[in-house]
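Presented below is the structure to which this report refers.
The values are calculated or read from the model by the stated rules, or taken from the named source; none is laboratory data. Since we're looking at a predicted model, the values are computed, not measured. Surface accessibility is based on the protein's heavy atoms, side chains included, excluding ligands, DNA and RNA. Shrake-Rupley method; radii C 1.70, N 1.55, O 1.52, S 1.80 Å.
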Amino acid sequence: MALALATYVVLEQLAELPTSALAQGVINVVAVLVPLLCLVCAARSAWRQRMAALAWQSTMASDGAALPHAAPAQPDFEDTVPPCPVCNSGMVRRTARGGADDGKELWRCVNHPVCEGWREVE
């Protein structure tokens, strides 16, 4: 978009110079066509990026992987699922990664990372 604007401004300045009628006509046509071509290319690039993002999202969804902005999966509630000690929502069973509790089973709130509630599996 900036390239289209800059091209238009430069070619308009050229159009003001004293030249023959034919050269003046060519400059006027180019002053419109080149910025228009820049805008069309920018729109095409934005469209292709949007289609690539949608393709990536559909690929991730079909692979069963959670999208970064997707809502957390609701757990299968059983009688043994404890409530979150912080917000009283449901919890899901997870395995800790890293730190002193690496590999240890724990319950994590379904609203994680908004809610930091967790408890050890008993």
#### Entry: Calculated from backbone phi, Karplus (6.51, -1.76, 1.60) coupling profile of region 29-43 in Hz, x at Gly/Pro
5, 5, 4, 9, 5, 5, x, 4, 5, 4, 5, 5, 5, 5, 5
### Message
Once neighbouring chains are kept in place and the probe is 1.4 Å, which whole percent of the accessible area of region 1-59 is contributed by carbon and sulfur?
### Response
74 percent
